[in-house]
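Student: Can you read through this structure? Questions will come right after.
The values are calculated or read from the model by the stated rules, or taken from the named source; none is laboratory data. Just so we're clear, the structure is a prediction, and the values are computed from it rather than from any experiment. Neighbour counts run over all protein chains shown; Cβ positions are idealised from the backbone, glycine included. To get the accessible areas, we keep the full protein, side chains included, count just its heavy atoms, and leave off ligands, DNA and RNA. Shrake-Rupley method; radii C 1.70, N 1.55, O 1.52, S 1.80 Å.
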Amino acid sequence: MSQDSPSHQWKTLDQDLNRLSRLEAATMYSARPLVGVGISLVFVTLAALAAALFTGGEPQGLAVVVAAAFGAYMALNIGANDVANNMGPAVGAKALSMLGAIAIAAICESAGALLAGGDVVSTISKGIIDPQGLADGRVFVWAMMAALLSASIWVNIATWIGAPVSTTHSVVGGVMGAGIAAAGLGTVSWPTMGAIAASWVISPLLGGVIAAAMLAFIKWRVIYVADKIAAARVWVPVLIGVMSAAFATYLSIKGLSHVMKIGLPLALTIGAAAGVLVWLISVPFIRRQSRGMENRNRSLKTLFRLPLVVSAGLLSFAHGANDVANAVGPLAAVVYAQQSAEVAGEVSIPLWVMVIGALGISFGLVLFGPKLIGMVGSQITKLNPMRAYCVALSAAVTVIAASWLGLPVSSTHIAVGGVFGVGFFREWYMERRARRIADNRPVAQRIARQERARRKLVRRSHFMTIVAAWVVTVPAAALLSALCFWLLQGLGF
(Lines give C-alpha, C1' and ligand atoms only; values in the text may rest on other atoms or scores of the structure.)
Protein backbone atom coordinates (compact mmCIF):
# COMPACT_ATOMS: atom_id res chain seq x y z
CA MET A 1 0.00 0.00 0.00
CA SER A 2 1.31 3.43 -0.94
CA GLN A 3 2.06 5.82 1.86
CA ASP A 4 0.16 8.47 -0.08
CA SER A 5 -3.01 6.40 -0.33
CA PRO A 6 -6.15 7.77 1.38
CA SER A 7 -6.47 4.77 3.72
CA HIS A 8 -2.90 5.22 4.99
CA GLN A 9 -3.46 8.94 5.51
CA TRP A 10 -6.65 8.29 7.50
CA LYS A 11 -4.82 5.71 9.61
CA THR A 12 -1.99 8.16 10.31
CA LEU A 13 -4.50 10.87 11.20
CA ASP A 14 -6.36 8.50 13.53
CA GLN A 15 -3.11 7.58 15.31
CA ASP A 16 -2.23 11.25 15.72
CA LEU A 17 -5.67 12.01 17.16
CA ASN A 18 -5.32 9.14 19.64
CA ARG A 19 -1.93 10.48 20.73
CA LEU A 20 -3.44 13.93 21.20
CA SER A 21 -6.34 12.49 23.20
CA ARG A 22 -3.97 10.61 25.50
CA LEU A 23 -1.82 13.73 25.88
CA GLU A 24 -4.90 15.82 26.70
CA ALA A 25 -6.10 13.26 29.28
CA ALA A 26 -2.65 13.13 30.90
CA THR A 27 -2.49 16.95 30.98
CA MET A 28 -5.94 17.20 32.60
CA TYR A 29 -5.01 14.54 35.18
CA SER A 30 -1.77 16.28 36.11
CA ALA A 31 -3.45 19.70 36.22
CA ARG A 32 -6.40 18.56 38.37
CA PRO A 33 -4.68 19.30 41.71
CA LEU A 34 -3.81 22.78 40.45
CA VAL A 35 -7.52 23.52 39.95
CA GLY A 36 -8.15 23.01 43.65
CA VAL A 37 -5.17 25.16 44.56
CA GLY A 38 -6.37 27.89 42.21
CA ILE A 39 -9.91 27.92 43.62
CA SER A 40 -8.46 27.95 47.15
CA LEU A 41 -6.32 30.98 46.34
CA VAL A 42 -9.38 32.77 44.96
CA PHE A 43 -11.33 32.00 48.14
CA VAL A 44 -8.51 33.20 50.41
CA THR A 45 -8.26 36.39 48.36
CA LEU A 46 -12.02 37.00 48.56
CA ALA A 47 -11.90 36.44 52.35
CA ALA A 48 -9.16 39.05 52.64
CA LEU A 49 -11.16 41.49 50.46
CA ALA A 50 -14.25 40.90 52.61
CA ALA A 51 -12.20 41.73 55.71
CA ALA A 52 -10.96 44.92 54.05
CA LEU A 53 -14.56 45.83 53.17
CA PHE A 54 -15.97 45.24 56.64
CA THR A 55 -13.09 46.95 58.46
CA GLY A 56 -12.33 49.62 55.88
CA GLY A 57 -10.90 52.85 57.20
CA GLU A 58 -10.08 51.47 60.63
CA PRO A 59 -6.53 51.88 61.98
CA GLN A 60 -4.18 48.95 61.49
CA GLY A 61 -6.72 47.23 59.22
CA LEU A 62 -3.95 45.35 57.40
CA ALA A 63 -3.63 42.93 60.32
CA VAL A 64 -7.33 42.01 60.04
CA VAL A 65 -7.02 41.47 56.29
CA VAL A 66 -4.01 39.15 56.73
CA ALA A 67 -5.71 37.33 59.64
CA ALA A 68 -8.81 36.80 57.47
CA ALA A 69 -6.63 35.19 54.79
CA PHE A 70 -5.08 32.92 57.45
CA GLY A 71 -8.54 32.05 58.82
CA ALA A 72 -9.80 31.16 55.34
CA TYR A 73 -6.71 28.98 54.80
CA MET A 74 -7.35 27.23 58.14
CA ALA A 75 -11.03 26.63 57.27
CA LEU A 76 -10.02 25.05 53.96
CA ASN A 77 -7.68 22.68 55.79
CA ILE A 78 -10.31 21.74 58.36
CA GLY A 79 -12.64 20.77 55.52
CA ALA A 80 -9.90 18.81 53.77
CA ASN A 81 -8.81 16.86 56.87
CA ASP A 82 -11.31 16.81 59.72
CA VAL A 83 -14.55 16.11 57.86
CA ALA A 84 -13.16 12.77 56.62
CA ASN A 85 -13.73 11.36 60.11
CA ASN A 86 -17.50 11.91 59.80
CA MET A 87 -18.03 10.76 56.22
CA GLY A 88 -15.22 8.21 55.76
CA PRO A 89 -16.98 5.26 57.45
CA ALA A 90 -20.24 5.81 55.51
CA VAL A 91 -18.35 5.96 52.18
CA GLY A 92 -16.17 2.96 53.10
CA ALA A 93 -19.31 0.97 53.95
CA LYS A 94 -20.80 1.94 50.54
CA ALA A 95 -23.82 3.48 52.27
CA LEU A 96 -22.96 6.74 50.50
CA SER A 97 -21.16 7.57 47.28
CA MET A 98 -18.25 9.98 47.48
CA LEU A 99 -20.32 12.67 45.75
CA GLY A 100 -23.30 12.10 48.06
CA ALA A 101 -21.07 12.21 51.14
CA ILE A 102 -19.45 15.47 50.04
CA ALA A 103 -22.86 17.06 49.34
CA ILE A 104 -24.36 16.02 52.70
CA ALA A 105 -21.23 17.01 54.61
CA ALA A 106 -20.98 20.41 52.91
CA ILE A 107 -24.62 21.24 53.75
CA CYS A 108 -24.49 19.91 57.33
CA GLU A 109 -21.09 21.44 58.13
CA SER A 110 -22.24 24.87 56.90
CA ALA A 111 -25.55 24.59 58.75
CA GLY A 112 -23.81 23.59 61.97
CA ALA A 113 -21.31 26.43 61.71
CA LEU A 114 -23.88 29.11 60.91
CA LEU A 115 -26.81 27.95 63.06
CA ALA A 116 -25.03 26.58 66.13
CA GLY A 117 -21.46 27.83 65.80
CA GLY A 118 -21.96 30.19 68.70
CA ASP A 119 -21.81 33.91 69.24
CA VAL A 120 -19.00 33.71 71.78
CA VAL A 121 -15.77 31.73 71.58
CA SER A 122 -12.76 31.45 73.83
CA THR A 123 -9.84 33.01 71.98
CA ILE A 124 -7.25 31.56 74.32
CA SER A 125 -8.22 27.99 73.61
CA LYS A 126 -9.12 26.07 76.77
CA GLY A 127 -7.03 28.39 78.96
CA ILE A 128 -3.73 27.30 77.41
CA ILE A 129 -1.97 30.60 78.04
CA ASP A 130 -2.55 33.45 80.46
CA PRO A 131 -4.13 36.45 78.65
CA GLN A 132 -2.18 38.78 80.93
CA GLY A 133 1.01 37.51 79.33
CA LEU A 134 -0.23 38.98 76.03
CA ALA A 135 -1.68 42.20 77.38
CA ASP A 136 -0.01 44.25 74.65
CA GLY A 137 -2.49 44.48 71.78
CA ARG A 138 0.05 44.16 68.97
CA VAL A 139 1.72 41.14 70.60
CA PHE A 140 -1.70 39.52 71.06
CA VAL A 141 -2.55 40.05 67.38
CA TRP A 142 0.77 38.55 66.27
CA ALA A 143 0.18 35.55 68.56
CA MET A 144 -3.32 34.84 67.19
CA MET A 145 -2.15 35.22 63.58
CA ALA A 146 0.82 32.94 64.22
CA ALA A 147 -1.44 30.33 65.85
CA LEU A 148 -3.77 30.36 62.82
CA LEU A 149 -1.02 30.18 60.22
CA SER A 150 0.98 27.46 61.97
CA ALA A 151 -2.09 25.27 62.60
CA SER A 152 -3.09 25.67 58.94
CA ILE A 153 0.35 24.69 57.68
CA TRP A 154 0.51 21.63 59.94
CA VAL A 155 -2.98 20.37 58.99
CA ASN A 156 -2.06 20.95 55.32
CA ILE A 157 1.07 18.81 55.73
CA ALA A 158 -0.92 16.09 57.53
CA THR A 159 -3.52 16.03 54.73
CA TRP A 160 -0.75 15.75 52.14
CA ILE A 161 0.77 12.69 53.85
CA GLY A 162 -2.70 11.17 54.40
CA ALA A 163 -2.96 11.45 58.20
CA PRO A 164 -6.21 12.61 59.86
CA VAL A 165 -5.12 14.87 62.74
CA SER A 166 -6.96 16.95 65.32
CA THR A 167 -7.42 20.53 64.17
CA THR A 168 -8.24 21.44 67.76
CA HIS A 169 -4.86 20.12 68.91
CA SER A 170 -3.21 21.95 66.03
CA VAL A 171 -4.69 25.26 67.22
CA VAL A 172 -3.76 24.36 70.82
CA GLY A 173 -0.15 23.84 69.74
CA GLY A 174 -0.22 27.06 67.74
CA VAL A 175 -1.50 29.12 70.68
CA MET A 176 1.04 27.52 73.02
CA GLY A 177 3.99 28.13 70.67
CA ALA A 178 3.02 31.76 70.06
CA GLY A 179 2.53 32.30 73.80
CA ILE A 180 5.98 30.93 74.60
CA ALA A 181 7.58 33.01 71.85
CA ALA A 182 5.83 36.15 73.10
CA ALA A 183 6.01 35.82 76.88
CA GLY A 184 8.12 32.79 77.80
CA LEU A 185 7.37 29.36 79.29
CA GLY A 186 5.69 30.82 82.36
CA THR A 187 2.64 32.00 80.40
CA VAL A 188 1.58 28.43 79.52
CA SER A 189 -0.86 26.52 81.76
CA TRP A 190 1.07 23.26 81.95
CA PRO A 191 -1.66 21.33 83.85
CA THR A 192 -4.03 22.13 80.95
CA MET A 193 -1.43 20.99 78.45
CA GLY A 194 -0.94 17.79 80.46
CA ALA A 195 -4.67 17.08 80.27
CA ILE A 196 -4.63 17.68 76.51
CA ALA A 197 -1.65 15.33 76.13
CA ALA A 198 -3.55 12.69 78.12
CA SER A 199 -6.41 12.98 75.62
CA TRP A 200 -4.06 11.67 72.90
CA VAL A 201 -4.41 8.30 74.63
CA ILE A 202 -7.88 8.64 76.16
CA SER A 203 -9.74 9.71 72.99
CA PRO A 204 -8.79 6.86 70.61
CA LEU A 205 -8.95 4.25 73.37
CA LEU A 206 -12.47 5.27 74.43
CA GLY A 207 -13.61 5.46 70.81
CA GLY A 208 -12.06 2.10 69.97
CA VAL A 209 -13.41 0.26 73.02
CA ILE A 210 -16.97 1.58 72.58
CA ALA A 211 -17.00 0.81 68.82
CA ALA A 212 -15.65 -2.70 69.44
CA ALA A 213 -18.19 -3.30 72.21
CA MET A 214 -21.04 -2.21 69.93
CA LEU A 215 -19.81 -4.50 67.14
CA ALA A 216 -19.52 -7.41 69.59
CA PHE A 217 -23.11 -6.81 70.70
CA ILE A 218 -24.41 -6.72 67.10
CA LYS A 219 -22.55 -9.96 66.27
CA TRP A 220 -23.92 -11.62 69.44
CA ARG A 221 -27.56 -10.53 69.17
CA VAL A 222 -28.13 -10.03 65.41
CA ILE A 223 -25.51 -11.50 63.05
CA TYR A 224 -24.75 -14.91 64.57
CA VAL A 225 -28.30 -16.02 65.37
CA ALA A 226 -30.53 -18.50 63.54
CA ASP A 227 -33.14 -15.95 62.40
CA LYS A 228 -31.24 -12.77 61.58
CA ILE A 229 -34.27 -10.84 60.28
CA ALA A 230 -36.35 -11.53 63.40
CA ALA A 231 -33.43 -10.44 65.58
CA ALA A 232 -32.94 -7.32 63.47
CA ARG A 233 -36.62 -6.36 63.89
CA VAL A 234 -36.09 -6.35 67.64
CA TRP A 235 -32.62 -4.84 67.96
CA VAL A 236 -32.15 -2.46 65.00
CA PRO A 237 -34.91 -0.09 66.28
CA VAL A 238 -33.29 -0.22 69.73
CA LEU A 239 -29.89 0.62 68.25
CA ILE A 240 -31.41 3.45 66.20
CA GLY A 241 -33.02 4.76 69.39
CA VAL A 242 -29.69 4.60 71.22
CA MET A 243 -28.04 6.42 68.32
CA SER A 244 -30.75 9.10 68.37
CA ALA A 245 -30.42 9.54 72.15
CA ALA A 246 -26.63 9.84 71.84
CA PHE A 247 -26.79 12.40 69.04
CA ALA A 248 -29.55 14.44 70.67
CA THR A 249 -27.44 14.64 73.81
CA TYR A 250 -24.31 15.37 71.79
CA LEU A 251 -25.98 18.15 69.79
CA SER A 252 -27.49 19.61 72.96
CA ILE A 253 -24.05 19.81 74.55
CA LYS A 254 -22.17 21.01 71.47
CA GLY A 255 -24.81 23.00 69.60
CA LEU A 256 -27.59 24.31 71.85
CA SER A 257 -25.13 25.20 74.58
CA HIS A 258 -24.06 28.14 72.39
CA VAL A 259 -27.64 29.46 72.40
CA MET A 260 -28.68 28.63 75.99
CA LYS A 261 -26.99 27.11 79.00
CA ILE A 262 -27.56 23.36 79.05
CA GLY A 263 -26.05 21.12 81.71
CA LEU A 264 -25.37 17.42 81.24
CA PRO A 265 -28.53 16.26 83.16
CA LEU A 266 -30.79 18.34 80.89
CA ALA A 267 -28.89 17.19 77.79
CA LEU A 268 -29.32 13.56 78.85
CA THR A 269 -33.04 14.13 79.43
CA ILE A 270 -33.40 15.62 75.94
CA GLY A 271 -31.45 12.67 74.55
CA ALA A 272 -33.56 10.08 76.36
CA ALA A 273 -36.80 11.65 75.10
CA ALA A 274 -35.49 11.76 71.54
CA GLY A 275 -34.26 8.16 71.77
CA VAL A 276 -37.62 6.79 72.93
CA LEU A 277 -39.51 8.76 70.27
CA VAL A 278 -37.25 7.59 67.43
CA TRP A 279 -37.35 3.99 68.72
CA LEU A 280 -41.17 4.02 68.59
CA ILE A 281 -41.07 5.38 65.03
CA SER A 282 -38.37 2.89 63.96
CA VAL A 283 -40.22 -0.29 65.02
CA PRO A 284 -42.86 -0.22 62.24
CA PHE A 285 -40.39 1.25 59.76
CA ILE A 286 -37.86 -1.60 60.21
CA ARG A 287 -40.64 -4.20 60.21
CA ARG A 288 -41.93 -2.88 56.89
CA GLN A 289 -38.42 -2.55 55.37
CA SER A 290 -37.42 -6.09 56.39
CA ARG A 291 -40.53 -7.74 54.95
CA GLY A 292 -39.55 -10.39 52.40
CA MET A 293 -35.79 -10.10 53.09
CA GLU A 294 -33.57 -13.19 52.95
CA ASN A 295 -32.01 -14.47 56.16
CA ARG A 296 -28.53 -13.20 55.17
CA ASN A 297 -25.98 -10.63 56.31
CA ARG A 298 -26.57 -8.68 53.09
CA SER A 299 -30.11 -7.94 54.29
CA LEU A 300 -28.75 -6.61 57.60
CA LYS A 301 -26.48 -4.22 55.72
CA THR A 302 -29.55 -2.75 54.01
CA LEU A 303 -31.29 -2.17 57.36
CA PHE A 304 -28.28 -0.33 58.80
CA ARG A 305 -27.65 1.86 55.74
CA LEU A 306 -30.17 4.66 56.44
CA PRO A 307 -29.25 5.06 60.15
CA LEU A 308 -25.60 5.28 59.10
CA VAL A 309 -26.29 8.04 56.56
CA VAL A 310 -28.31 10.04 59.10
CA SER A 311 -25.60 9.62 61.75
CA ALA A 312 -22.94 10.87 59.31
CA GLY A 313 -25.00 13.98 58.61
CA LEU A 314 -25.55 14.65 62.32
CA LEU A 315 -21.84 14.22 63.03
CA SER A 316 -21.05 16.76 60.32
CA PHE A 317 -23.57 19.23 61.76
CA ALA A 318 -22.08 18.87 65.24
CA HIS A 319 -18.56 19.14 63.82
CA GLY A 320 -19.41 22.35 61.99
CA ALA A 321 -20.90 23.81 65.17
CA ASN A 322 -17.92 22.84 67.28
CA ASP A 323 -14.83 23.14 65.10
CA VAL A 324 -15.59 26.28 63.10
CA ALA A 325 -14.12 28.14 66.10
CA ASN A 326 -10.74 26.58 65.28
CA ALA A 327 -10.72 28.57 62.05
CA VAL A 328 -12.43 31.80 63.06
CA GLY A 329 -11.83 32.09 66.83
CA PRO A 330 -8.36 33.62 66.54
CA LEU A 331 -9.58 35.73 63.59
CA ALA A 332 -12.45 37.08 65.71
CA ALA A 333 -9.93 37.87 68.45
CA VAL A 334 -7.79 39.87 66.02
CA VAL A 335 -10.86 41.80 64.78
CA TYR A 336 -11.86 42.62 68.37
CA ALA A 337 -8.35 43.63 69.39
CA GLN A 338 -7.98 45.93 66.37
CA GLN A 339 -11.39 47.54 66.84
CA SER A 340 -11.24 48.06 70.62
CA ALA A 341 -7.46 48.14 71.28
CA GLU A 342 -8.13 45.61 74.09
CA VAL A 343 -7.33 41.95 74.71
CA ALA A 344 -10.22 39.68 75.72
CA GLY A 345 -10.45 36.02 76.66
CA GLU A 346 -13.85 35.76 74.98
CA VAL A 347 -15.23 37.75 72.05
CA SER A 348 -18.29 37.83 69.81
CA ILE A 349 -17.84 36.39 66.34
CA PRO A 350 -19.11 38.73 63.58
CA LEU A 351 -21.37 37.09 61.01
CA TRP A 352 -18.95 37.76 58.13
CA VAL A 353 -16.20 35.96 60.07
CA MET A 354 -18.50 32.96 60.67
CA VAL A 355 -19.40 32.86 56.96
CA ILE A 356 -15.70 32.68 56.05
CA GLY A 357 -15.32 29.69 58.37
CA ALA A 358 -18.43 27.89 57.09
CA LEU A 359 -17.65 28.42 53.39
CA GLY A 360 -13.97 27.55 53.88
CA ILE A 361 -14.80 24.21 55.51
CA SER A 362 -17.20 23.38 52.66
CA PHE A 363 -14.72 24.38 49.92
CA GLY A 364 -11.91 22.44 51.60
CA LEU A 365 -14.10 19.36 51.78
CA VAL A 366 -15.18 19.53 48.13
CA LEU A 367 -11.70 20.30 46.74
CA PHE A 368 -9.43 18.16 48.91
CA GLY A 369 -11.61 15.98 51.16
CA PRO A 370 -11.96 12.83 48.99
CA LYS A 371 -8.36 11.71 49.70
CA LEU A 372 -8.83 11.51 53.48
CA ILE A 373 -12.42 10.27 53.20
CA GLY A 374 -11.19 7.32 51.13
CA MET A 375 -8.32 6.64 53.51
CA VAL A 376 -10.45 6.63 56.68
CA GLY A 377 -13.29 4.75 55.02
CA SER A 378 -11.48 1.93 53.25
CA GLN A 379 -7.70 1.94 53.66
CA ILE A 380 -7.38 1.45 57.43
CA THR A 381 -9.73 -1.54 57.59
CA LYS A 382 -12.69 -2.85 55.62
CA LEU A 383 -16.02 -1.42 56.77
CA ASN A 384 -19.64 -2.43 56.15
CA PRO A 385 -22.76 -0.56 57.35
CA MET A 386 -22.81 -2.39 60.73
CA ARG A 387 -19.15 -1.64 61.48
CA ALA A 388 -19.40 1.95 60.27
CA TYR A 389 -22.53 2.43 62.38
CA CYS A 390 -20.55 1.33 65.43
CA VAL A 391 -17.86 3.92 64.65
CA ALA A 392 -20.44 6.73 64.29
CA LEU A 393 -22.22 5.77 67.50
CA SER A 394 -18.97 5.50 69.45
CA ALA A 395 -18.04 9.06 68.41
CA ALA A 396 -21.21 10.51 69.93
CA VAL A 397 -21.20 8.32 73.06
CA THR A 398 -17.51 8.96 73.76
CA VAL A 399 -17.93 12.75 73.59
CA ILE A 400 -20.83 12.52 76.05
CA ALA A 401 -18.83 10.29 78.41
CA ALA A 402 -15.83 12.61 78.18
CA SER A 403 -18.00 15.67 78.92
CA TRP A 404 -19.44 13.91 81.97
CA LEU A 405 -15.95 12.99 83.20
CA GLY A 406 -14.54 16.41 82.35
CA LEU A 407 -11.92 14.97 79.99
CA PRO A 408 -10.62 16.98 77.00
CA VAL A 409 -10.99 14.73 73.95
CA SER A 410 -10.57 15.07 70.20
CA SER A 411 -13.44 14.10 67.86
CA THR A 412 -10.84 13.17 65.23
CA HIS A 413 -9.03 10.80 67.57
CA ILE A 414 -12.34 9.29 68.72
CA ALA A 415 -13.63 8.58 65.20
CA VAL A 416 -10.35 7.16 63.87
CA GLY A 417 -9.89 5.25 67.13
CA GLY A 418 -13.33 3.74 66.51
CA VAL A 419 -12.22 2.55 63.06
CA PHE A 420 -9.10 0.99 64.61
CA GLY A 421 -11.20 -0.57 67.39
CA VAL A 422 -13.54 -2.23 64.92
CA GLY A 423 -10.62 -3.54 62.85
CA PHE A 424 -8.62 -4.92 65.79
CA PHE A 425 -11.74 -6.50 67.27
CA ARG A 426 -12.39 -8.29 63.96
CA GLU A 427 -8.80 -9.55 63.93
CA TRP A 428 -9.16 -10.91 67.45
CA TYR A 429 -12.58 -12.42 66.74
CA MET A 430 -11.52 -14.15 63.51
CA GLU A 431 -8.39 -15.58 65.10
CA ARG A 432 -10.40 -16.90 68.06
CA ARG A 433 -13.01 -18.41 65.77
CA ALA A 434 -10.42 -19.99 63.50
CA ARG A 435 -8.62 -21.50 66.48
CA ARG A 436 -11.85 -23.01 67.78
CA ILE A 437 -12.69 -24.54 64.37
CA ALA A 438 -9.13 -25.80 63.90
CA ASP A 439 -9.26 -27.79 67.13
CA ASN A 440 -11.83 -30.09 65.51
CA ARG A 441 -10.19 -30.45 62.08
CA PRO A 442 -7.27 -32.44 60.62
CA VAL A 443 -3.76 -30.98 60.88
CA ALA A 444 -3.65 -29.67 57.29
CA GLN A 445 -6.90 -27.79 57.64
CA ARG A 446 -5.82 -26.49 61.04
CA ILE A 447 -2.65 -25.00 59.52
CA ALA A 448 -4.65 -23.42 56.70
CA ARG A 449 -7.09 -21.88 59.16
CA GLN A 450 -4.28 -20.53 61.31
CA GLU A 451 -2.57 -19.00 58.27
CA ARG A 452 -5.83 -17.31 57.32
CA ALA A 453 -6.30 -16.04 60.86
CA ARG A 454 -2.89 -14.36 60.76
CA ARG A 455 -4.06 -11.98 58.04
CA LYS A 456 -4.07 -8.49 59.39
CA LEU A 457 -7.38 -6.68 59.01
CA VAL A 458 -5.86 -3.31 60.04
CA ARG A 459 -3.11 -1.87 57.85
CA ARG A 460 -0.16 -1.37 60.19
CA SER A 461 1.49 1.25 57.98
CA HIS A 462 -1.54 3.56 58.26
CA PHE A 463 -1.80 2.86 61.97
CA MET A 464 1.80 3.91 62.62
CA THR A 465 1.58 6.99 60.35
CA ILE A 466 -1.58 8.26 62.05
CA VAL A 467 -0.36 7.64 65.60
CA ALA A 468 2.95 9.36 64.84
CA ALA A 469 1.08 12.36 63.38
CA TRP A 470 -1.10 12.55 66.52
CA VAL A 471 1.91 12.53 68.82
CA VAL A 472 3.81 15.29 67.00
CA THR A 473 0.81 17.55 66.25
CA VAL A 474 1.08 19.84 69.30
CA PRO A 475 4.89 20.20 69.32
CA ALA A 476 5.05 20.61 65.53
CA ALA A 477 2.33 23.28 65.52
CA ALA A 478 4.00 24.99 68.50
CA LEU A 479 7.38 25.15 66.75
CA LEU A 480 5.83 26.45 63.54
CA SER A 481 3.85 29.01 65.54
CA ALA A 482 6.93 30.36 67.30
CA LEU A 483 8.65 30.80 63.92
CA CYS A 484 5.56 32.48 62.46
CA PHE A 485 5.31 34.81 65.49
CA TRP A 486 8.89 36.00 65.10
CA LEU A 487 8.32 36.48 61.35
CA LEU A 488 5.15 38.53 61.87
CA GLN A 489 6.82 40.52 64.62
CA GLY A 490 9.65 41.31 62.27
CA LEU A 491 7.24 42.39 59.54
CA GLY A 492 5.38 44.54 62.08
CA PHE A 493 1.73 43.97 61.12
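Student: Rounded to the nearest 10 Å², what accessible area does Asp136 show when all protein chains are kept and the probe is 1.4 Å?
Tutor: 80 Å²
Student: Arranged from highest to lowest average of other beta-carbon atoms within 10 Å per residue, in what order do the peptides 265-276, 311-322 appear?
Tutor: In descending order of packing, they fall as 311-322, 265-276.
Student: Which whole-number value in Å³ per residue fits the convex hull of the alpha carbons of the range 192-288?
Tutor: Enclosed volume per residue, from the Cα hull, is 109 Å³.
Student: Quick check: from the Cα gyration tensor, does the range 142-205 come out rounded (a/c under 1.5), prolate or oblate?
Tutor: oblate
Student: Can you give the extra length, in nm with one decimal, that the chain gains between Ala197 and Val355 once fully stretched, where that is 0.36 nm per residue apart less the Cα-Cα distance?
Tutor: Gain on stretching Ala197 to Val355: 53.7 nm.
Student: Could you tell me how far the Cα centroid of the range 275-322 sits from the Cα centroid of the range 165-219, in Å?
Tutor: Using only Cα atoms to place each centre, the spacing works out to 31 Å.
Student: What full-extension length gain, to one decimal in nm, is calculated for Ser97 and Leu53 as 0.36 nm per residue of separation minus the Cα-Cα distance?
Tutor: Taking Ser97 through Leu53 to full extension adds about 11.9 nm, to one decimal.
Student: Now for a separate question. How long is the gain from Met430 to Val467 if the chain were fully straight, where each residue apart is worth 0.36 nm and the alpha carbon distance is subtracted?
Tutor: Using 0.36 nm per residue and subtracting the Cα-Cα distance, I get 10.9 nm.
Student: What order, most packed first, do the peptides 481-488, 141-148, 356-363 have when packing is the mean number of other Cβ atoms within 10 Å of each residue?
Tutor: By packing density, highest mean first, the sequence is 141-148, 356-363, 481-488.
Student: Let me ask something else. Within the accessible area of the range 257-343, what % is carbon and sulfur when the probe is 1.4 Å and the other protein chains stay in place?
Tutor: 63 percent
Student: Another question about this same structure. At Val238 and Arg460, where each label point lies 7 Å from the Cα along Cα→Cβ, what is the point-to-point distance in nanometres?
Tutor: 3.9 nm
Student: Rank these residues by their accessible area, most exposed first, probe 1.4 Å: Met464, Met74.
Tutor: Putting Met464, Met74 in descending order of accessible area: Met464, Met74.
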